[in-house]
Amino acid sequence: MKLKNLFKGFKAKKSVMFMLALLALQGSAGISKVSADTVAENVNVSSDYVKVNSSTGVHDVGKITIKTNGKEELAFCIEPDAITPLGDNSGYVGKDRTDISARTEQIATLWNTVSADIWYYRVAQTMIWEQVNGIQIYSIDGLSDTDYQNIKFQINQAVDNYNKKPSFNGQSVTVKLGETVKLSDSNNSGLNTFDNMRLNSANVDYSVNGNELSITPKADSKLDGTLRFAKTVAVGTSVVYQKSGSQTLMVAKITDPAFYNINLKVIKTGKSQIQKLDAETGKPMAGVKFKMSVDGTDYDVTTNSKGIGFIDKEFLHDTEVTYTEVKTLDGYVLYTAPVKGKIKAGETITLSMNNDTQKGRVKGHKEKEVYNASESEKQGKSVYDKVPLANVTFDQVAQNDITRPDGEVVLKKGEIADTFTTNADGDFESTKDFYIGAQNTYKLVERDVPNNYRPLYDKQATFTIPYDTENKTKVFTLDMGTLDNDLKTGTFELNKVDSKTGAIIPNTQFLLRGLSTYNKDVLYTITTGDKATTDKLIAGKYELVEVKYADGHTANATETGTKIIEIKDNETTNVTIKNDTIDVKTPKVTIKTKAHLENGSQEFTRGDVVAMYDDVDISHDDILDGTQRSFETILVARTPDGKETDIWKSGKIDYKVSDSKFAKTVVTEKVDTAKYPENTTFYFKETGYDKDGKKDTEHNFDGKDEKQSIVPKKATTPEKPKETLPVTGETKAKFAGIAGLILIAGVAIFVKRKSIINLFNRFK
């Protein structure tokens with residue numbers, strides 16, 4: 001650059017001068033262009049200049065400012081050999097220039113990012129000459145070569161740093177909805193200086209923190225796109241100012257700012273699956289059915305051999321999916337609680353659900369059979385009670401190989417699944433859960449069976465617990481009810497028969513007495529019935545003694561009255577005892593009677609109120625003395641029409657047979673004969689009863705025995721009484737009568753006393 005009137009004789013070489021503008025408009029997304037024909041208001045050339053020694057001669061470097069539209073900016077000379085007057089100049093017209101190299105623009109705009117010192121401006125001017133015109137700079141007056149080179153280095157480094165891009169520039173990055181991808185710049189390019197987002201076609205969120213760029217997709221992000229960031233430092237269009245006869249000046253801007261790109265692929269959907277495992281083993285469960293619910297739609301899902309169930313369908317990120325178990329495998333408990341999760345973009349989420357195996361427990365009550373001595377004595381047969389049995393220990397023994405629902409053997413045949421003991425009340429319950437299913441059979445085995453007792457029956461002690469096909473039961477408790485220890489017993493059959501006929505003889509009595517350790521409490525009387533007498537007896541030996549024979553029978557001549565028998569467990573012991581028949585005559589009872597009134601007469605006058613007498617004589621043939629018997633007398637009224645009515649009964653009158661005959665006079669209540677029709681007769685009839693109260697004799701039930709009848713007197717015509725004179729000596733007549741009675745008594749000396757008394761009474 002030549003300064004008028006100050007530098008003459010310098011060889012001029014045509015060049016382009018580039019002036020670096022101040023770093024204005026930082027942070028803006030764009031710079032307004034200066035009008036293509038903008039007239040500079042003023043161009044000022046500072047008198048503070050230095051000489052530059054170059055390959056084209058000596059040039060002056062001074063500070064130049066251009067004021068346009070009220071704004072003053074630094075400018076650089078791009079025509080060093082032209083003349084520019086010192087001080088203010090006018091008439092410069094500026095035009096946009098896009099043919100300026102990027103590095104020239106960057107030198108002109110970035111020098112003062114290193115330092116605003118005037119020497120940095122001067123060195124930048126020389127660097128622009130080198131870029132535009134190829135001028136070689138040798139030195140600058142007032143600046144050592146070292147300082148020159150150092151400043152030049154700093155400005156070049158600023159330019160290089162400006163053009164440095166992040167290490168991830170141009171990369172393709174996959175980002176998932178719901179996640180944030182962080183990119184670290186290993187180039188240290190200064191991410192914050194790329195302060196202008198030029199493009200975000202994927203519509204993602206982003207942020208910068210130091211050397212780290214964070215990218216986060218949104219729900220409305222595109223599936224792919226580009227993210228581009230650029231720098232806004234000195235962005236704009238360079239303007240070249242010219243004036244005829246003056247050097248060309250330039251206010252520099254960065255036309256093509258530094259930038260970087262990232263290519264994005266956004267993943268917004270994902271999948272889900274359910275994993276079904278055995279809760280105990282962790283093994284996969286195939287064939288389990290689920291209902292998968294997403295956004296109000298249900299899908300059927302079944303697990304495969306790996307225990308995985310899924311559908312090949314994608315759903316948006318963060319969509320809630322619910323799996324509900326519908327049907328599990330036999331032997332497992334249905335998992336009723338729904339399992340929920342949210343879709344993650346770009347992933348297949350796995351929800352887990354474990355199934356418990358169905359297990360079982362067992363409980364029950366333990367009793368033993370005991371002999372009831374007192375009740376047996378009362379009833380004449382063996383009576384048994386059941387009592388709780390405490391402290392009985394059971395082993396729950398596998399009857400086959402015990403398997404899990406998946407077929408795995410967990411317990412070998414014969415091994416013990418559990419051991420438990422009855423409490424004070426005889427109750428028991430499992431202490432462990434065990435595997436169930438129709439394929440698994442167990443048996444309860446008593447460790448110590450009580451002496452003289454049978455072990456539990458297989459049918460009673462063996463059990464299985466089938467699976468709950470509805471898969472709802474986790475632990476099924478089987479109540480086995482009451483388990484009995486039965487005494488070792490056998491059946492006793494006693495046949496009491498006639499030695500001749502073989503017929504069963506009832507009403508025979510035996511004394512049964514236990515002779516062994518376990519039956520010593522047995523002592524009672526057995527009475528035979530109309531058929532064989534049976535009983536359940538504790539195993540062991542017994543003494544059987546016949547203590548009373550049935551009527552008409554006695555001991556058999558060939559047998560003793562005592563037998564020793566042995567009862568064996570679960571066996572029947574038959575005992576036959578014979579009795580001989582006693583040759584007994586048939587008993588015979590005869591009743592003879594006489595009816596009369598109190599005066600001995602068998603006649604009454606109608607209208608009389610009289611007591612009627614029945615003299616009963618009973619004779620006995622072939623009936624033992626002391627035999628208890630009874631009889632009854634009944635008074636019958638027979639009316640003229642032939643109708644007979646029992647009007648009085650004596651009731652049973654007991655007596656003992658003491659001799660061949662029994663006599664008793666029975667007197668009725670007084671009978672008002674006027675109550676009965678004229679010509680009504682009365683008679684007695686009698687019934688005899690044996691020792692058992694059974695009727696065995698009757699007398700005069702047809703009423704034909706005249707001795708038993710009391711009849712009305714026949715009507716007679718009364719005689720007219722003769723008139724007689726009073727006679728003396730009536731007293732003598734009475735004495736004569738008495739003497740007559742004495743005489744009659746003497747004659748009847750051999751007549752029964754009672755008859756004599758009756759006769760005597762008749763004549764009183």
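Read-outs throughout are calculated quantities, based only on the coordinates presented, and are distinct from any laboratory measurement. Predicted model, so just to flag it, every value in this text is computed and none were measured. A quick note on method: Cβ atoms are made from the backbone with ideal geometry, for glycine too, and the neighbour counts reach across all protein chains shown.
The spread of Cα positions in the stretch 588-712, taken along each principal axis and listed from longest to shortest, comes to 47, 27, 21 Å. Think of each Lys and Arg Cβ as +1 and each Asp and Glu Cβ as -1; about the Cα centre, that makes the dipole of the chain roughly 880 debye.
Among 627-633, 354-360, 295-301, 165-171, how do they line up by average Cβ neighbours within 10 Å per residue, starting with the highest? Walk me through the numbers before you get to the answer.
Numbers: 627-633: 18.6, 354-360: 20.3, 295-301: 11.4, 165-171: 16.0.
Ranked by mean Cβ neighbours within 10 Å, highest first: 354-360, 627-633, 165-171, 295-301.
Largest first, the extents of the alpha carbon coordinates of the stretch 239-289 on the three principal axes equal 99, 19, 9 Å. Taking a span of 18 Å or more along the helix axis (Cα atoms) and a mean Kyte-Doolittle hydropathy of at least 1.0 as the rule, the DSSP H helices of the chain that qualify are 730-747.
Going down the list 649/714; 670/694; 342/472; 588/707; 340/432; 386/563, which pairs span over 25 Å between their C-alpha atoms? All intermediate terms of the calculation are to be shown ahead of the outcome.
Numbers: 649/714 28 Å; 670/694 30 Å; 342/472 28 Å; 588/707 22 Å; 340/432 34 Å; 386/563 31 Å.
Violating the 25 Å limit, Cα to Cα: 649/714; 670/694; 342/472; 340/432; 386/563.
Could you size up the charge dipole of the stretch 269-355 around its Cα centre, putting +1 on the beta carbon of Lys and Arg and -1 on that of Asp and Glu, and report it in debye to the nearest 20?
Values: 11 positive and 12 negative charges, 25 e Å.
In debye, rounded to 20, the stretch 269-355 gives about 120.
Across the options 360, 463, 405, the greatest Cα extent toward the positive end of the charge dipole of the stretch 359-485 (unit charges at beta carbon of Lys, Arg, Asp, Glu) belongs to 405. Between residue 571 and residue 558, the modelled label-to-label distance comes to 2.4 nm, taking each label 7 Å out from Cα in the direction of the beta carbon. Peptides 532-539, 102-109 ordered by packing proxy, namely the average of other Cβ atoms within 10 Å per residue, highest first: 102-109, 532-539. Between the beta carbons of residue 172 and residue 330, assuming R0 = 51 Å, the FRET efficiency works out to 0.45 to the nearest 0.05. Once divided by 2.2 N^0.38 Å, the Cα radius of gyration of the stretch 359-485 becomes 1.25.
Where both bridge residues fall in the chain, DSSP classifies roughly 85% of the beta bridges as antiparallel.
Tell me, what are the semi-axes, in whole angstrom and largest first, of the equivalent ellipsoid of the stretch 489-581 as set by the roots of 5 times the Cα gyration tensor eigenvalues? Don't skip to the end; give the middle numbers.
Numbers: eigenvalues 108, 34, 24 Å².
Equivalent ellipsoid of the stretch 489-581: 23, 13, 11 Å, largest first.
Distance from the Cα centroid of the stretch 531-554 to that of the stretch 43-82 is 154 Å (rounded to whole angstrom). Using the alpha-carbon positions of the stretch 219-366, Rg (one decimal) and Dmax (whole number) come out as 31.4, 132 Å.
With the cut-off at under 13 Å, measuring from each backbone N in the stretch 279-314 to a point 7 Å along the Cα-to-Cβ line of residue 408 picks out 279-285.
Where both partners of a DSSP beta bridge lie in the stretch 269-355, what percent of those bridges are antiparallel, to the nearest 5? Spell out each step's value before the answer.
On the way: 22 of 30 bridges.
Of the beta bridges lying entirely in the stretch 269-355, close to 75 percent run antiparallel.
The length gained on full extension between residue 295 and residue 340, counted as 0.36 nm times the residue separation minus their Cα-Cα distance, comes to 14.9 nm.
Using only DSSP helix segments of four residues or longer, with each worth -39500 (n - 2.57), what per-residue ellipticity at 222 nm results for the chain after dividing by its residue count and rounding to 500?
Working: 7 runs with 83 residues, N = 764.
Dividing the helical sum by the residues of the chain leaves -3500 deg cm²/dmol.
Using 0.36 nm per residue and subtracting the Cα-Cα separation, the extra length available between residue 90 and residue 588 on full extension is 160.8 nm. Using 1/(1 + (r/R0)^6) with R0 = 56 angstrom and r between the beta carbons of residue 480 and residue 219, what's the FRET efficiency to the nearest 0.05? Efficiency at R0 = 56 Å is approximately 0.35. Projected label points at residue 163 and residue 201, each 7 Å from Cα along the beta carbon direction, are separated by 2.7 nanometres. Placing +1 on the Cβ of every Lys and Arg and -1 on the Cβ of every Asp and Glu, with no other charges, gives the stretch 588-712 a dipole of roughly 140 debye about its Cα centre. When the Cα positions of 262, 684, 475 are compared along the charge dipole of the chain, 262 comes out farthest toward the positive end, with charges on each C-beta of Lys, Arg, Asp and Glu.
Grab the beta carbon distance between residue 352 and residue 425, set R0 = 56 Å, and tell me the FRET efficiency rounded to 0.05. Mind dumping the intermediate values first?
Values: r = 45 Å, r/R0 = 0.81.
E between residue 352 and residue 425, to the nearest 0.05, is 0.80.
Could you give the C-alpha radius of gyration of the stretch 269-355 expressed as a fraction of 2.2 N^0.38 Å, taking N as the number of residues it contains?
Values: Rg = 12.3 Å, N = 87, 2.2 N^0.38 = 12.0 Å.
The stretch 269-355 yields a ratio of 1.03.
Since only 394, 151, 579 are under comparison, the one whose Cα sits farthest along the positive direction of the charge dipole of the chain, derived from C-beta charges on Lys, Arg, Asp and Glu, is 151.
Report the Stokes-Einstein translational diffusion coefficient (µm² s⁻¹, integer) for the chain, Rh taken as the Kirkwood radius over Cα pairs, at 25 °C with viscosity 0.890 mPa s.
Values: Rh = 43.6 Å.
Using the Kirkwood radius from Cα pairs, D works out to 56 µm²/s.
How much length would be gained if the chain were fully extended between residue 632 and residue 374, taking 0.36 nm per residue of separation minus their Cα-Cα distance, in nm to one decimal?
Numbers: separation 258, 0.36 × 258 = 92.88 nm, distance 4.21 nm.
Extra length from residue 632 to residue 374 when fully extended: 88.7 nm.
Summary value for the chain: 7 percent relative contact order, contacts being C-alpha pairs under 8 angstrom separated by 6+ residues. Considering every Cα-Cα pair within the stretch 43-192, what fraction, in whole percent, is farther apart than 20 Å? For the stretch 43-192, the share of Cα pairs beyond 20 Å comes to 58 percent. Remark: spin-label model distance residue 55-residue 617 equals 19.5 nm, labels positioned 7 Å along the Cα→Cβ axis.
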